[in-house]
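The values are calculated or read from the model by the stated rules, or taken from the named source; none is laboratory data. These figures come from a predicted structure and were not determined experimentally. Glycine also receives a Cβ, built like all others from the backbone with ideal geometry; neighbour counts cover every protein chain displayed.
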Amino acid sequence: MKAESPTRIKREDLNVLAEFNYERTEVERGYTNRTLYVNLSDNAIESRPVTEEMKDIFVGGKGFGLWRLWHGVAGGTKWNDADNEIVISSGPLGGTTTYPGSGKSLVVSISPTTHSIIDSNVGGYFGPLLKFAGWDAIELQGKAEEDVIVYIDGAQAKVFIYEAPEGTADTHELAVRMVEMFADREDEKTGISSVSAGSGAEHALIGCLNFSLYDARRKGVRVKQAGRGGIGTVFRDKKIKALVVKYLGLKGDSNHPADKSRIDKVGIKMHQEIRDNDPQQCRMRSRGTSYLVQIMSDYDLLPTNNFKYGGHPDASRINGDVWVKRFAQGIPDGCWYGCTLGCSHTVEGYTVRTGPYKGQVVRVDGPDYETIAGVGSNCGIFDPDVVLEINFYCDTYGLDTISFGTLTAFVMECYEAGVLDKEKTGGLELKFGNADAAIELLHHMARGEGFGRIAGQGIRRMKQIFVEEYGADLQFLQDIGMEAKGMEYSEYVSKESLAQQGGYGLANKGPQHDEAWLIFMDMVNNELPTFEDKAEALHYFPMWRTWFGLCGLCKLPWNDVTPTDNALADEPNKVPEHVQNYVEYFAGVTGREEIKSGDDLVRMSEAVYNFQRVFNLRVGFGTREHDAIPYRSAGPVTVDEYESRAERYDKQLKELVGFEPEGKSIEEKVAVLRAYREEQYTRLIDAVYERRGWTPNGVPTLETLQRLRIDFPEVVAAVQPYLG
């Protein structure tokens with residue numbers, strides 16, 4: 001993001017609260033073999049060893065985060081307790097510059113919105129630079145009394161906790177100040193990355209983290225978001241204003257891989273494939289994930305008016321053709337070095353229209369598909385300038401665009417249904433399509449004022465408030481409130497894909513598509529006709545996608561560009577040639593020659609996935625009742641919703657249910673269809689639990705824990721009460 005150049009504060013003028021010296025050793029085979037621990041309550045800093053067992057079973061990234069968090073918190077730890085941690089880790093493949101999509105960081109914590117274990121992935125430079133500065137992960141615990149900056153100086157091999165200077169916490173200005181503060185020369189700026197949240201994360205539970213990168217071509221800071229689960233709120237609750245790393249001297253072999261030639265071979269092949277195939281396939285290099293908007297609308301999958309509908313005639317006003325004209329072209333747009341897919345686009349020179357930064361000319365990072373669909377179509381808004389305004393403010397305030405879009409759509413439906421009115425919303429006429437009201441709600445939320453304070457608590461808490469204080473119908477709110485486990489849905493309509501309903505409802509952290517996106521396999525191509533087929537897909541794909549989060553990788557190069565002959569493969573949805581690329585890549589970095597197939601990679605993920613399920617049990621979640629979904633994600637709730645697709649639903653009642661809809665009221669048809677679809681979801685859960693090696697209550701069995709080598713005494717103790 002671009003802002004006015006701030007007055008530079010010299011770091012030597014900062015008050016040092018703690019200082020820690022360490023010996024920076026070279027990364028070997030993707031690991032530094034130690035993690036950094038920082039306790040903000042007593043300003044303690046220490047180095048902790050990474051064992052061979054950690055690497056073997058938990059791999060890195062999300063796995064390291066879960067393992068460190070497990071040992072840092074107790075079963076009763078709450079999100080805002082000092083003992084809660086934020087753990088950030090890249091992974092053994094993170095920081096590679098010869099294979100695209102290798103710059104991810106994974107963040108783990110106890111979530112303010114779900115109260116269970118959350119993980120979120122993010123681009124930007126922080127994770128790789130942290131590793132090359134000497135650390136496989138950073139573990140942040142405790143709470144500072146006043147705002148602090150934690151600084152890892154990889155050049156000097158020192159860690160500092162500073163008293164933060166006064167000034168804004170909002171990212172688009174703060175991230176610039178961190179570069180100015182810690183770069184001694186212009187050429188050092190690309191070696192600095194910061195993590196920040198913003199003023200909105202101080203007042204709402206849907207706070208996100210912004211991870212920065214300094215774009216030398218644009219000569220400015222850009223940011224990527226770890227958006228899900230409210231970790232930005234945890235960050236600001238701990239009084240962290242910024243987390244900064246500095247590392248200079250990045251090289252193509254900084255991971256010191258076991259066999260660089262193996263990585264180079266598959267990397268060169270993949271770069272060539274992206275250059276040749278992307279222009280004919282998804283065109284990610286020119287429009288990023290915005291290409292999905294029109295496709296989703298055409299297939300009745302684009303969330304519109306709180307997921308009531310799956311498309312809209314005005315979708316063309318916010319589709320990829322619109323954004324390709326607005327995104328800066330001709331400048332590489334990767335969020336880590338060497339990513340030729342380059343989908344991380346920006347809109348340059350946007351003039352802010354509202355709020356505290358009105359009139360500033362800024363760079364907006366995005367929007368991506370999720371933001372466009374969430375704050376756009378799902379709220380009935382089809383104005384690209386409004387999407388940009390909300391995108392900018394969500395980012396700089398440190399608020400998750402997905403959660404904001406989905407919760408605002410819920411509020412709008414409640415307003416139109418009479419649950420809310422102007423008196424309750426503080427004068428905001430929150431009807432679908434009212435862009436001014438949506439933007440004002442965002443500002444109120446960021447300040448913790450009025451109805452914005454209520455909305456910022458998320459859908460699950462709003463439902464409770466609306467029932468207790470406004471006398472709303474709880475069942476109606478449960479049906480239309482698009483959250484599961486306390487997390488707002490990401491932006492796909494799953495009504496006609498039972499497998500995707502399971503992909504959302506069964507996800508460990510909540511309804512985020514990064515575990516499983518099965519709509520086209522299931523709904524469009526009908527490749528999963530049986531419960532067993534769906535269960536197998538809901539085993540393989542969440543495990544496979546988990547693997548990217550263990551290693552520090554983005555999943556987009558896996559399946560958003562494919563070999564030209566991929567359709568001829570035995571299982572084209574798995575993109576088997578790319579899976580084998582990752583086998584070569586992983587073995588080439590780590591030297592683990594026992595990894596020979598994609599099945600080996602999936603087994604690695606299975607251990608971490610099941611460990612997270614057990615971790616949720618330990619904090620009071622993770623059983624069957626927590627895998628429930630709002631009915632709207634499975635079928636039509638309201639009369640007008642049914643009528644919008646009446647021909648489809650009437651046909652399903654006849655052919656699937658054996659119910660004759662002729663002469664029946666809409667209410668009768670809605671009820672019969674609902675009973676059928678809810679029974680289908682129950683059967684799906686049964687099949688998935690069995691395939692995953694879980695009990696009918698969703699608990700991993702002792703045999704599963706033993707097979708995956710995670711039958712540690714404390715893990716067994718966590719599941720034992722549920723096994724009888």
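Can you confirm whether Asp170 is buried (at least 22 other Cβ atoms within 10 Å of the Cβ) and among the acidic types (Asp, Glu)? Spelling it out, Asp170 is indeed buried (at least 22 other Cβ atoms within 10 Å of the Cβ) and among the acidic types (Asp, Glu).
Looking at region 342-389, which of its residues are of a type in the set (Ser, Thr, Tyr), touching a residue at least 60 places away in the same chain (Cβ under 8 Å) and surrounded by 21 or more Cβ atoms within 10 Å (Cβ to Cβ)? Answer for region 342-389, where residues must be of a type in the set (Ser, Thr, Tyr), touching a residue at least 60 places away in the same chain (Cβ under 8 Å) and surrounded by 21 or more Cβ atoms within 10 Å (Cβ to Cβ): Ser344, Thr346, Tyr369, Ser377. When Gly61, Gly72 are checked against the criterion of being at positive phi and not hydrophobic (A, V, I, L, M, F, W, C), a single residue qualifies: Gly61. Note on region 15-35: residues that are farther than 24 Å from Ala607 by Cα and in contact with a helix residue (DSSP H, G or I) (Cβ under 8 Å, 6 or more places away or on another chain) amount to 1. Just name the residue that is nearest to Thr289 (Cα to Cα) out of those in region 547-597 that are over 27 Å from the mean Cα position of the chain (by Cα) and of a type in the set (Val, Ile, Thr). The selected residue is Thr564. The requirement of being in contact with a helix residue (DSSP H, G or I) (Cβ under 9 Å, 6 or more places away or on another chain) and part of a loop (DSSP other than H, G, I, E, B) is not satisfied by Ala499. Test Thr695 against the stated conditions and say whether it is over 22 Å from Arg603 (Cα atoms), assigned by TED's automatic domain parsing to the domain that holds Gly502 and polar (S, T, N, Q). Taking the combined requirement at face value, the residue does not satisfy it. Residues in region 390-422 that are of a type in the set (Asp, Glu) and either surrounded by fewer than 24 Cβ atoms within 10 Å (Cβ to Cβ) or not in a helix (DSSP H, G or I) (or both): Asp400, Glu416, Asp421. When every residue of region 548-557 is checked against the conditions, at least one turns out to be of a type outside the set (D, E, K, R), surrounded by 21 or more Cβ atoms within 10 Å (Cβ to Cβ) and under 17 Å from Lys269 (Cα atoms).
Determine, yes or no, whether Arg709 is of a type outside the set (Phe, Trp, Tyr) and either closer than 30 Å to Ala646 by Cα or assigned to a helix (DSSP H, G or I) (or both). Answer is no for this residue.
Pairing each residue of region 504-533 that is in contact (Cβ under 8 Å) with a residue 12 or more places away in the chain with any residue that is aromatic (Phe, Trp, Tyr) and buried (at least 19 other Cβ atoms within 10 Å of the Cβ), provided the two are 6+ apart or on different chains, yields C-beta distances under 6 Å for Pro511/Tyr489; Pro511/Tyr504; Ala516/Phe541. Quick check on region 617-634: of everything there that is touching a Phe, Trp or Tyr at 6+ places or on another chain (Cβ under 8 Å), not charged (D, E, K, R) and not in a loop (DSSP other than H, G, I, E, B), which residue is nearest to Asn306 (Cα to Cα)? Within region 617-634, the match that is nearest to Asn306 (Cα to Cα) is Ser633. Among the residues of region 366-383, the ones that are within 20 Å of His443 (Cβ to Cβ) and not β-branched (Val, Ile, Thr) come to 8 in all. Under the condition of being crowded, with 18+ Cβ neighbours inside 10 Å and within 21 Å of Val148 (Cα to Cα), the residues counted in region 37-71 number 5. Inside region 132-180, can you point out the residues that are β-branched (Val, Ile, Thr), outside any strand (DSSP E or B) and touching a Phe, Trp or Tyr at 6+ places or on another chain (Cβ under 9 Å)? Correct list: Thr171, Val179. The residues of region 621-634 that are farther than 11 Å from Val719 by Cα and of a type outside the set (Val, Ile, Thr), listed by number, are Phe621, Arg624, Glu625, His626, Asp627, Ala628, Pro630, Tyr631, Arg632, Ser633, Ala634.
Filtering region 473-492 to residues that are within 30 Å of Asn610 (Cβ to Cβ) and either of a type in the set (Val, Ile, Thr) or not in a loop (DSSP other than H, G, I, E, B) (or both) leaves Gln478, Glu483, Ala484, Met487, Glu488. Kindly establish whether Cys339 is closer than 25 Å to His312 by Cα and buried (at least 24 other Cβ atoms within 10 Å of the Cβ). Judged against the criteria, Cys339 is not a match.
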